[in-house]
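Data first, discussion second: the structure below is written as C-alpha cells.
Nothing in this text is a laboratory measurement; each read-out follows from the coordinates by a stated rule. The shown structure was predicted, so the numbers you read here are calculated from the model rather than taken from an experiment. Every residue, glycine among them, receives a Cβ derived from its backbone with ideal geometry; neighbour counts consider all protein chains shown.
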Amino acid sequence: MSNQLNQILEVLDATIASRRASVQEGNVDALSYVAKLMKKGDDAILKKIGEEATEVVMAAKDSRTNVIEGRFNSEYQAKLVGEVADLWFHSLVLLGQFDLTSKDVLGELGRREGMSGIVEKESRVKE
C-alpha cells in the first residue's frame, strides 16, 4: 500500500505542478480543472476547500447516523470516502499553488510521529 500511495501522491503532485507552471506561463488548458482553479487564485481554491469540508461534515453525519443505528450502509460510506478524497485533492491543489507538495505534509506528519498532540500543539510558535 505504501508504494501505491506514494505513486498516487507523486502523480498528483506532478500534475498539479505542471498545471501551476502552465498558469504561470499564461497557457491555461481549457480542459484542465486544476489550471482554471489556480488561475482564479487562492481565494477560489480556499472557497472550494470550504465547500468540500462542509460536504465531508455532512457525509460524516449521514454515516454516523447509520453506524449508530447499526446499519453499515456502503452507499453512505462510499459518499464519505468520496468527499474526503475531494477535500484531500483540493488541499493538494492549494499546496501546489504555494509551491508545496504532499511530501511537505508527510514530512510534517513524520516529524510529529510519536509526539502527543497536546505537546505538539503547545510546541508551536505562538503568534
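With +1 assigned to the C-beta of every Lys and Arg and -1 to the C-beta of every Asp and Glu, and no other charges, what is the dipole magnitude of the range 2-106 about the Cα centre in debye, to the nearest 20?
100 debye
Of all the options SER116, SER63, SER22, the one that moves most in a Gaussian network model of the chain with Cα springs shorter than 10 angstrom is SER116. For the chain, the orientation-averaged shadow of the C-alpha convex hull comes to 10.7 nm² (one quarter of the hull surface).
Think of the chain as having a plus end and a minus end, set by charges on the Cβ of Lys, Arg, Asp and Glu; of MET58, SER18, THR101, MET58 sits farthest toward the positive end of this dipole.
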